[in-house]
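Input: a single structure, listed below in C-alpha coordinates.
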Amino acid sequence: MTRTDQPADTRTTPRRTVLISGASIAGPALAFWLNRCGHAVTVVEKAPALRGGGYPVDVRGTALDVVERMGILPRLRDAHIDLRRLTFLEGDGSEVASLHPHTVTGGAAGRDLEVRRGDLSDALYTAVRDDVEFVFDDSIDTLDQSGHGVDVTFRGGGRRTFDVVVAADGVHSRTREMLFGPEDRFHHYLGYCFAVFTMPNTLALSHETVMWNSPGRAAALYAVGDDDEVHAFLNFALPEPPRDAFRDPEARQELVASVFADAGWEIPGMIAAMRDADDLFFDAVGQIRMPRWSRGRVALVGDAAWAPSFLTGQGTSLALVGAYMLARSLAHQDHATGFAAYEDSTREFVTLNQGLVGKGGATLFPATPQALERRNNRLRELSTLPSGEGQPAHSALTLPEPIGDSGRNG
(Lines give C-alpha, C1' and ligand atoms only; values in the text may rest on other atoms or scores of the structure.)
Protein backbone atom coordinates (compact mmCIF):
# COMPACT_ATOMS: atom_id res chain seq x y z
CA MET A 1 0.00 0.00 0.00
CA THR A 2 1.44 3.31 -1.11
CA ARG A 3 0.04 6.72 -0.25
CA THR A 4 0.85 10.29 -1.03
CA ASP A 5 1.04 12.65 1.93
CA GLN A 6 -2.26 14.21 2.87
CA PRO A 7 -1.99 17.90 3.81
CA ALA A 8 -3.43 18.96 7.14
CA ASP A 9 -6.98 20.32 7.00
CA THR A 10 -7.50 23.58 8.87
CA ARG A 11 -11.25 23.81 8.25
CA THR A 12 -13.67 23.57 11.15
CA THR A 13 -16.59 22.26 9.06
CA PRO A 14 -16.25 18.57 8.17
CA ARG A 15 -15.61 18.08 4.50
CA ARG A 16 -17.46 15.60 2.33
CA THR A 17 -15.29 12.49 2.03
CA VAL A 18 -15.12 10.85 -1.38
CA LEU A 19 -13.52 7.56 -2.44
CA ILE A 20 -12.68 7.15 -6.13
CA SER A 21 -11.89 3.69 -7.49
CA GLY A 22 -9.40 3.94 -10.38
CA ALA A 23 -6.37 6.15 -11.06
CA SER A 24 -6.18 6.16 -14.85
CA ILE A 25 -7.92 9.16 -16.48
CA ALA A 26 -11.39 9.84 -15.07
CA GLY A 27 -10.30 9.12 -11.48
CA PRO A 28 -7.47 11.67 -11.13
CA ALA A 29 -9.43 14.25 -13.14
CA LEU A 30 -12.42 13.87 -10.81
CA ALA A 31 -10.11 14.01 -7.78
CA PHE A 32 -8.69 17.31 -9.03
CA TRP A 33 -12.08 18.96 -9.36
CA LEU A 34 -13.56 17.50 -6.17
CA ASN A 35 -10.54 18.78 -4.25
CA ARG A 36 -11.12 22.19 -5.87
CA CYS A 37 -14.67 22.01 -4.49
CA GLY A 38 -13.28 21.48 -0.99
CA HIS A 39 -13.90 17.75 -0.58
CA ALA A 40 -11.53 15.28 1.07
CA VAL A 41 -10.65 12.80 -1.66
CA THR A 42 -9.06 9.34 -1.62
CA VAL A 43 -8.19 7.47 -4.83
CA VAL A 44 -7.66 3.70 -4.66
CA GLU A 45 -5.90 1.91 -7.53
CA LYS A 46 -5.38 -1.85 -7.82
CA ALA A 47 -2.09 -1.46 -9.73
CA PRO A 48 1.04 -1.12 -7.59
CA ALA A 49 1.98 2.17 -9.27
CA LEU A 50 0.77 4.64 -11.86
CA ARG A 51 0.63 2.96 -15.27
CA GLY A 52 3.01 4.38 -17.85
CA GLY A 53 3.17 3.90 -21.61
CA GLY A 54 0.05 2.68 -23.30
CA TYR A 55 -1.58 3.33 -26.63
CA PRO A 56 -1.98 6.97 -27.77
CA VAL A 57 -5.26 8.66 -26.85
CA ASP A 58 -7.10 11.74 -28.15
CA VAL A 59 -8.15 14.87 -26.28
CA ARG A 60 -10.68 16.77 -28.38
CA GLY A 61 -13.41 19.36 -28.33
CA THR A 62 -14.89 20.09 -24.92
CA ALA A 63 -12.20 17.99 -23.21
CA LEU A 64 -9.60 20.56 -24.29
CA ASP A 65 -11.45 23.15 -22.20
CA VAL A 66 -11.26 20.80 -19.21
CA VAL A 67 -7.50 20.28 -19.38
CA GLU A 68 -6.97 23.99 -20.00
CA ARG A 69 -8.90 24.82 -16.82
CA MET A 70 -6.78 22.26 -14.97
CA GLY A 71 -3.62 24.08 -16.09
CA ILE A 72 -2.12 21.02 -17.82
CA LEU A 73 -2.79 22.00 -21.44
CA PRO A 74 0.76 23.36 -22.03
CA ARG A 75 2.27 20.10 -20.75
CA LEU A 76 -0.01 18.07 -23.01
CA ARG A 77 0.83 20.21 -26.01
CA ASP A 78 4.50 19.49 -25.34
CA ALA A 79 3.66 15.76 -25.26
CA HIS A 80 1.51 15.92 -28.41
CA ILE A 81 2.18 13.17 -30.93
CA ASP A 82 2.46 14.77 -34.34
CA LEU A 83 0.92 11.97 -36.39
CA ARG A 84 1.34 13.12 -39.98
CA ARG A 85 0.07 10.33 -42.16
CA LEU A 86 -2.47 7.52 -42.20
CA THR A 87 -1.98 5.07 -45.05
CA PHE A 88 -4.55 2.44 -46.03
CA LEU A 89 -3.52 -0.72 -47.86
CA GLU A 90 -5.38 -3.33 -49.91
CA GLY A 91 -5.25 -6.98 -48.94
CA ASP A 92 -2.32 -7.47 -51.32
CA GLY A 93 -0.37 -4.65 -49.65
CA SER A 94 -0.90 -2.06 -52.40
CA GLU A 95 -1.81 1.49 -51.34
CA VAL A 96 -5.41 2.72 -51.34
CA ALA A 97 -4.84 6.22 -50.03
CA SER A 98 -2.56 8.23 -47.75
CA LEU A 99 -4.23 11.02 -45.78
CA HIS A 100 -3.82 13.31 -42.82
CA PRO A 101 -5.34 11.45 -39.83
CA HIS A 102 -7.82 14.23 -39.04
CA THR A 103 -9.42 13.73 -42.45
CA VAL A 104 -10.54 10.29 -41.28
CA THR A 105 -11.06 10.77 -37.54
CA GLY A 106 -12.90 14.07 -37.66
CA GLY A 107 -10.33 15.79 -35.46
CA ALA A 108 -9.49 19.47 -35.81
CA ALA A 109 -5.97 20.02 -37.10
CA GLY A 110 -3.92 22.35 -34.92
CA ARG A 111 -6.31 22.15 -31.96
CA ASP A 112 -6.93 18.56 -30.93
CA LEU A 113 -4.28 16.58 -29.08
CA GLU A 114 -2.98 13.03 -29.29
CA VAL A 115 -0.73 11.92 -26.45
CA ARG A 116 0.53 8.69 -24.97
CA ARG A 117 -1.95 7.48 -22.38
CA GLY A 118 0.81 7.36 -19.78
CA ASP A 119 1.73 11.00 -20.43
CA LEU A 120 -1.86 12.11 -19.84
CA SER A 121 -2.22 9.93 -16.75
CA ASP A 122 1.02 11.31 -15.30
CA ALA A 123 -0.03 14.91 -16.00
CA LEU A 124 -3.34 14.37 -14.20
CA TYR A 125 -1.67 12.64 -11.26
CA THR A 126 0.99 15.34 -10.92
CA ALA A 127 -1.70 18.02 -10.88
CA VAL A 128 -3.45 16.49 -7.87
CA ARG A 129 -1.03 14.21 -5.99
CA ASP A 130 -0.12 16.80 -3.34
CA ASP A 131 -3.75 17.52 -2.47
CA VAL A 132 -5.48 14.13 -2.31
CA GLU A 133 -4.69 10.70 -0.91
CA PHE A 134 -3.67 7.94 -3.32
CA VAL A 135 -3.71 4.30 -2.22
CA PHE A 136 -2.01 1.94 -4.69
CA ASP A 137 -1.96 -1.86 -4.77
CA ASP A 138 -5.43 -2.11 -3.24
CA SER A 139 -9.06 -2.11 -4.34
CA ILE A 140 -12.63 -2.12 -3.05
CA ASP A 141 -13.80 -5.50 -1.79
CA THR A 142 -17.29 -4.68 -0.49
CA LEU A 143 -19.65 -1.71 -0.25
CA ASP A 144 -22.37 -1.28 2.38
CA GLN A 145 -24.81 1.64 2.17
CA SER A 146 -27.08 0.61 5.02
CA GLY A 147 -25.75 3.34 7.31
CA HIS A 148 -25.31 7.12 6.94
CA GLY A 149 -22.44 6.75 4.47
CA VAL A 150 -20.74 4.04 2.43
CA ASP A 151 -18.87 1.49 4.53
CA VAL A 152 -15.99 0.17 2.40
CA THR A 153 -13.81 -2.84 3.01
CA PHE A 154 -10.62 -3.07 0.99
CA ARG A 155 -8.92 -6.17 -0.35
CA GLY A 156 -5.86 -5.18 1.65
CA GLY A 157 -7.90 -5.56 4.84
CA GLY A 158 -8.73 -1.92 5.66
CA ARG A 159 -12.18 -0.56 6.50
CA ARG A 160 -13.31 3.05 6.09
CA THR A 161 -16.52 5.02 5.69
CA PHE A 162 -17.05 7.69 3.01
CA ASP A 163 -19.85 10.09 2.22
CA VAL A 164 -19.67 9.26 -1.51
CA VAL A 165 -17.96 6.58 -3.65
CA VAL A 166 -17.29 6.92 -7.39
CA ALA A 167 -16.34 4.06 -9.72
CA ALA A 168 -13.80 5.17 -12.33
CA ASP A 169 -12.36 1.70 -12.81
CA GLY A 170 -12.95 1.16 -16.50
CA VAL A 171 -15.12 -0.80 -18.89
CA HIS A 172 -14.86 -3.97 -16.79
CA SER A 173 -15.59 -2.11 -13.55
CA ARG A 174 -15.90 -4.42 -10.56
CA THR A 175 -17.43 -1.61 -8.53
CA ARG A 176 -20.21 -1.27 -11.12
CA GLU A 177 -20.81 -5.01 -10.91
CA MET A 178 -21.21 -4.82 -7.13
CA LEU A 179 -23.72 -2.01 -7.56
CA PHE A 180 -25.71 -2.97 -10.66
CA GLY A 181 -24.96 -6.61 -11.41
CA PRO A 182 -23.05 -8.53 -14.12
CA GLU A 183 -21.38 -6.65 -16.97
CA ASP A 184 -23.34 -8.62 -19.59
CA ARG A 185 -26.43 -6.58 -18.73
CA PHE A 186 -24.80 -3.36 -19.90
CA HIS A 187 -22.08 -4.38 -22.38
CA HIS A 188 -23.22 -4.06 -26.00
CA TYR A 189 -20.93 -6.07 -28.25
CA LEU A 190 -20.19 -4.30 -31.54
CA GLY A 191 -19.07 -7.32 -33.54
CA TYR A 192 -15.28 -7.08 -33.34
CA CYS A 193 -12.39 -8.28 -31.23
CA PHE A 194 -8.90 -6.80 -31.12
CA ALA A 195 -5.37 -7.42 -29.90
CA VAL A 196 -2.77 -4.69 -29.27
CA PHE A 197 0.91 -5.04 -28.37
CA THR A 198 4.29 -3.51 -29.15
CA MET A 199 6.82 -4.91 -31.60
CA PRO A 200 10.04 -3.86 -33.37
CA ASN A 201 9.71 -1.06 -35.93
CA THR A 202 10.97 -3.17 -38.83
CA LEU A 203 9.50 -0.84 -41.47
CA ALA A 204 11.23 2.27 -40.04
CA LEU A 205 7.88 4.05 -39.72
CA SER A 206 7.86 7.59 -38.33
CA HIS A 207 4.89 9.65 -37.06
CA GLU A 208 2.44 7.56 -39.05
CA THR A 209 -0.01 4.68 -39.09
CA VAL A 210 -0.24 2.05 -41.80
CA MET A 211 -3.45 -0.01 -41.91
CA TRP A 212 -4.05 -3.17 -43.94
CA ASN A 213 -7.62 -4.35 -44.60
CA SER A 214 -9.40 -7.34 -45.99
CA PRO A 215 -13.15 -7.92 -45.43
CA GLY A 216 -13.71 -8.24 -41.68
CA ARG A 217 -10.01 -7.99 -40.81
CA ALA A 218 -7.58 -5.15 -40.17
CA ALA A 219 -3.96 -4.90 -39.13
CA ALA A 220 -2.17 -1.67 -38.27
CA LEU A 221 1.28 -0.49 -37.26
CA TYR A 222 1.39 2.83 -35.40
CA ALA A 223 4.65 4.75 -34.99
CA VAL A 224 4.25 7.63 -32.54
CA GLY A 225 7.72 8.98 -33.41
CA ASP A 226 11.04 7.61 -34.59
CA ASP A 227 11.14 4.91 -31.93
CA ASP A 228 12.54 1.40 -32.29
CA GLU A 229 9.10 -0.01 -31.41
CA VAL A 230 5.63 0.47 -32.87
CA HIS A 231 2.15 -0.28 -31.57
CA ALA A 232 0.68 -3.25 -33.41
CA PHE A 233 -3.06 -3.72 -33.75
CA LEU A 234 -5.06 -6.69 -35.07
CA ASN A 235 -8.85 -6.40 -35.36
CA PHE A 236 -11.39 -8.85 -36.75
CA ALA A 237 -15.14 -9.33 -37.04
CA LEU A 238 -16.75 -12.10 -34.99
CA PRO A 239 -20.51 -12.71 -34.67
CA GLU A 240 -20.35 -13.46 -30.95
CA PRO A 241 -17.72 -12.54 -28.33
CA PRO A 242 -15.25 -15.42 -27.73
CA ARG A 243 -15.82 -15.96 -24.04
CA ASP A 244 -13.36 -18.85 -23.76
CA ALA A 245 -10.58 -16.66 -25.16
CA PHE A 246 -11.17 -14.03 -22.48
CA ARG A 247 -10.32 -16.60 -19.82
CA ASP A 248 -7.37 -18.31 -21.53
CA PRO A 249 -4.33 -16.30 -22.73
CA GLU A 250 -3.19 -19.12 -25.01
CA ALA A 251 -6.65 -19.39 -26.56
CA ARG A 252 -6.56 -15.65 -27.36
CA GLN A 253 -3.33 -16.00 -29.28
CA GLU A 254 -4.55 -19.06 -31.17
CA LEU A 255 -7.79 -17.31 -32.10
CA VAL A 256 -5.99 -14.27 -33.50
CA ALA A 257 -3.44 -16.42 -35.33
CA SER A 258 -6.15 -18.56 -36.93
CA VAL A 259 -8.12 -15.53 -38.13
CA PHE A 260 -5.04 -14.06 -39.86
CA ALA A 261 -3.45 -17.37 -40.94
CA ASP A 262 -3.68 -16.66 -44.70
CA ALA A 263 -2.93 -12.91 -44.54
CA GLY A 264 0.05 -11.37 -46.28
CA TRP A 265 1.80 -8.01 -45.96
CA GLU A 266 3.59 -7.78 -42.56
CA ILE A 267 1.03 -9.87 -40.71
CA PRO A 268 3.02 -13.12 -40.32
CA GLY A 269 5.70 -11.08 -38.52
CA MET A 270 3.02 -9.39 -36.41
CA ILE A 271 1.62 -12.76 -35.32
CA ALA A 272 5.09 -13.94 -34.37
CA ALA A 273 5.69 -10.73 -32.38
CA MET A 274 2.31 -11.12 -30.65
CA ARG A 275 3.32 -14.53 -29.35
CA ASP A 276 6.45 -13.03 -27.78
CA ALA A 277 4.86 -9.81 -26.52
CA ASP A 278 4.73 -9.19 -22.77
CA ASP A 279 2.16 -6.41 -23.13
CA LEU A 280 -0.52 -8.14 -25.21
CA PHE A 281 -4.03 -6.85 -24.53
CA PHE A 282 -7.05 -8.63 -26.01
CA ASP A 283 -10.70 -7.61 -25.70
CA ALA A 284 -14.04 -7.31 -27.44
CA VAL A 285 -15.13 -4.03 -29.01
CA GLY A 286 -18.22 -2.84 -27.18
CA GLN A 287 -20.00 -0.03 -25.39
CA ILE A 288 -21.30 0.25 -21.84
CA ARG A 289 -24.85 1.60 -21.81
CA MET A 290 -26.33 2.17 -18.38
CA PRO A 291 -29.92 3.18 -17.58
CA ARG A 292 -28.55 5.28 -14.72
CA TRP A 293 -25.13 6.24 -13.44
CA SER A 294 -25.69 6.13 -9.70
CA ARG A 295 -27.33 4.18 -6.92
CA GLY A 296 -27.55 5.65 -3.45
CA ARG A 297 -24.25 7.30 -2.58
CA VAL A 298 -22.26 5.53 -5.33
CA ALA A 299 -21.83 6.88 -8.87
CA LEU A 300 -20.07 5.86 -12.08
CA VAL A 301 -17.90 7.99 -14.36
CA GLY A 302 -15.81 7.41 -17.50
CA ASP A 303 -15.72 3.98 -19.13
CA ALA A 304 -17.35 2.41 -16.07
CA ALA A 305 -20.48 4.43 -16.91
CA TRP A 306 -20.47 4.77 -20.70
CA ALA A 307 -17.43 3.26 -22.47
CA PRO A 308 -17.98 4.44 -26.07
CA SER A 309 -15.36 2.05 -27.60
CA PHE A 310 -12.22 3.05 -29.45
CA LEU A 311 -14.26 3.24 -32.68
CA THR A 312 -15.46 6.69 -31.57
CA GLY A 313 -12.04 7.98 -30.51
CA GLN A 314 -13.83 9.71 -27.62
CA GLY A 315 -13.23 7.51 -24.59
CA THR A 316 -10.59 9.75 -23.01
CA SER A 317 -12.37 13.00 -23.85
CA LEU A 318 -15.65 11.75 -22.39
CA ALA A 319 -13.84 10.68 -19.22
CA LEU A 320 -12.35 14.17 -18.76
CA VAL A 321 -15.63 15.97 -19.45
CA GLY A 322 -17.68 13.57 -17.32
CA ALA A 323 -15.32 14.03 -14.36
CA TYR A 324 -15.70 17.81 -14.57
CA MET A 325 -19.49 17.64 -14.83
CA LEU A 326 -19.81 15.21 -11.91
CA ALA A 327 -17.60 17.32 -9.65
CA ARG A 328 -19.45 20.50 -10.54
CA SER A 329 -22.81 18.84 -9.91
CA LEU A 330 -21.67 17.79 -6.44
CA ALA A 331 -20.05 21.12 -5.59
CA HIS A 332 -23.00 22.83 -3.90
CA GLN A 333 -25.57 20.03 -3.56
CA ASP A 334 -26.25 16.86 -1.61
CA HIS A 335 -25.27 13.63 -3.35
CA ALA A 336 -28.77 12.70 -4.56
CA THR A 337 -29.43 16.11 -6.15
CA GLY A 338 -25.88 16.26 -7.47
CA PHE A 339 -26.01 12.84 -9.13
CA ALA A 340 -29.32 13.72 -10.78
CA ALA A 341 -27.87 16.99 -12.08
CA TYR A 342 -24.81 15.14 -13.38
CA GLU A 343 -26.91 12.79 -15.48
CA ASP A 344 -29.21 15.56 -16.67
CA SER A 345 -26.32 17.72 -17.86
CA THR A 346 -24.08 15.02 -19.34
CA ARG A 347 -26.09 12.12 -20.77
CA GLU A 348 -27.02 13.79 -24.07
CA PHE A 349 -23.35 14.58 -24.75
CA VAL A 350 -22.35 10.99 -23.96
CA THR A 351 -25.10 9.52 -26.15
CA LEU A 352 -24.18 11.78 -29.06
CA ASN A 353 -20.55 10.69 -28.90
CA GLN A 354 -21.42 7.02 -28.49
CA GLY A 355 -23.33 7.41 -31.75
CA LEU A 356 -20.05 8.06 -33.58
CA VAL A 357 -19.36 4.32 -33.42
CA GLY A 358 -21.11 3.71 -36.75
CA LYS A 359 -18.77 6.01 -38.64
CA GLY A 360 -15.69 4.51 -36.99
CA GLY A 361 -16.57 0.93 -37.81
CA ALA A 362 -17.51 1.68 -41.41
CA THR A 363 -14.27 3.55 -42.07
CA LEU A 364 -11.76 1.32 -40.33
CA PHE A 365 -13.23 -2.19 -40.46
CA PRO A 366 -15.59 -2.94 -43.39
CA ALA A 367 -16.91 -6.46 -42.96
CA THR A 368 -17.79 -7.37 -46.58
CA PRO A 369 -15.99 -7.02 -49.95
CA GLN A 370 -18.65 -4.56 -51.11
CA ALA A 371 -18.35 -2.41 -47.99
CA LEU A 372 -14.56 -2.45 -48.26
CA GLU A 373 -14.67 -1.28 -51.88
CA ARG A 374 -17.08 1.53 -50.99
CA ARG A 375 -14.82 2.56 -48.11
CA ASN A 376 -11.75 2.56 -50.32
CA ASN A 377 -13.47 4.69 -52.93
CA ARG A 378 -14.41 7.22 -50.25
CA LEU A 379 -10.84 7.29 -48.98
CA ARG A 380 -9.54 8.01 -52.46
CA GLU A 381 -11.92 10.95 -52.68
CA LEU A 382 -10.96 12.17 -49.19
CA SER A 383 -7.29 12.23 -50.15
CA THR A 384 -8.00 15.28 -52.31
CA LEU A 385 -9.68 17.22 -49.45
CA PRO A 386 -8.18 19.27 -46.59
CA SER A 387 -7.95 17.73 -43.13
CA GLY A 388 -11.02 17.73 -40.91
CA GLU A 389 -12.46 20.63 -38.97
CA GLY A 390 -13.70 18.55 -36.06
CA GLN A 391 -16.80 16.46 -35.40
CA PRO A 392 -19.70 18.53 -34.00
CA ALA A 393 -20.21 15.82 -31.36
CA HIS A 394 -16.75 16.48 -29.91
CA SER A 395 -17.76 20.01 -28.83
CA ALA A 396 -21.49 19.54 -28.34
CA LEU A 397 -21.32 20.38 -24.64
CA THR A 398 -20.23 23.81 -23.42
CA LEU A 399 -18.62 23.66 -20.00
CA PRO A 400 -20.40 25.60 -17.26
CA GLU A 401 -18.46 28.26 -15.37
CA PRO A 402 -15.23 27.13 -13.66
CA ILE A 403 -15.47 25.13 -10.46
CA GLY A 404 -14.49 27.05 -7.34
CA ASP A 405 -14.02 26.16 -3.71
CA SER A 406 -17.09 25.23 -1.72
CA GLY A 407 -17.96 23.77 1.64
CA ARG A 408 -19.28 20.32 2.43
CA ASN A 409 -22.75 19.26 1.31
CA GLY A 410 -24.50 15.96 1.85
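Annotations for the structure displayed:
- Computed FRET value (nearest 0.05) for THR202 with ARG51, which takes r as the C-beta separation and R₀ as 22 Å: 0.25
- Between the stretch 273-342 and the stretch 24-54, the Cα center-to-center distance that results, in Å: 13 Å
- Net lengthening on full extension, GLU240/ARG275 (0.36 nm per residue, minus Cα-Cα): 10.2 nm
- Placing +1 on each Lys and Arg Cβ and -1 on each Asp and Glu Cβ, with no other charges, gives the chain a dipole about its Cα centre of roughly 1220 debye.
- Rounded FRET efficiency, nearest 0.05, which uses the C-beta distance separating GLU68 from ALA371 and R0 of 56 Å: 0.90
- Label point 7 Å beyond Cα of SER258 along Cβ direction - residues of the stretch 196-240 with amide nitrogen under 14 Å: 238-240
- The label-point distance for ASP184 and ASP228, in a model that sets each label 7 Å from Cα toward Cβ, rounds to 4.6 nm.
- Dipole check for the stretch 107-190: with +1 at the C-beta of Lys and Arg, -1 at the C-beta of Asp and Glu, and the Cα centre as origin, the magnitude is about 160 Debye.
- Based on the Kirkwood approach, the hydrodynamic radius assigned to the stretch 16-62 is 12.1 Å, with every pair of different Cα atoms included.
- Taking all protein chains into account, the per residue accessible area for the chain stands at 43 Å² (1.4 Å probe).
- Percent carbon-and-sulfur accessible area, the chain, ignoring ligands, DNA and RNA, probe 1.4 Å: 48 percent
- The chain: angle of helix 249-259 to the longest principal axis, Cα-based, in degrees nearest 10: 30 degrees
- For the stretch 197-213, the Karplus equation 6.51 cos²θ - 1.76 cosθ + 1.60, evaluated at θ = phi - 60°, returns couplings of 6, 9, 7, x, 7, 5, 8, 6, 6, 8, 6, 7, 10, 10, 10, 9, 9 Hz by residue, with Gly and Pro reported as x.
- Normalised by 2.2 N^0.38 Å, where N counts its residues, the alpha-carbon radius of gyration of the stretch 169-244 equals 1.46.
- Förster radius 25 Å - calculated FRET efficiency between ARG111 and ALA396 (Cβ-Cβ, nearest 0.05): 0.95
- Positive contributions from Lys and Arg (+1) and negative ones from Asp and Glu (-1), summed over other residues with Cβ under 14 Å from the Cβ of SER21, come out at -2.
- Taking Lys and Arg as +1 and Asp and Glu as -1, the other residues whose beta-carbon sits under 9 Å from that of PRO200 total -2.
- Across all directions, the average projected area of the convex hull around the alpha carbons of the chain is 19.4 nm².
- Cβ charges +1 (Lys, Arg) and -1 (Asp, Glu), total dipole of the stretch 151-194, debye: 140 debye
- The shape of the stretch 203-255 comes out oblate: with a ≥ b ≥ c from the C-alpha gyration tensor, a/c is at least 1.5 while a/b does not beat b/c.
- Counting Lys and Arg as +1 and Asp and Glu as -1 over every other residue whose Cβ lies under 10 Å from the Cβ of SER214, the net charge comes to -2.
The values are calculated or read from the model by the stated rules, or taken from the named source; none is laboratory data. Remember, it's a predicted structure, so these values are computed and weren't measured experimentally. Positions of Cβ are backbone-derived with ideal geometry, glycine not excepted, and every protein chain shown enters the neighbour counts. For the accessible areas, the whole protein counts, side chains as well, though only heavy atoms, and no ligand, DNA or RNA atoms are used. Shrake-Rupley method; radii C 1.70, N 1.55, O 1.52, S 1.80 Å.
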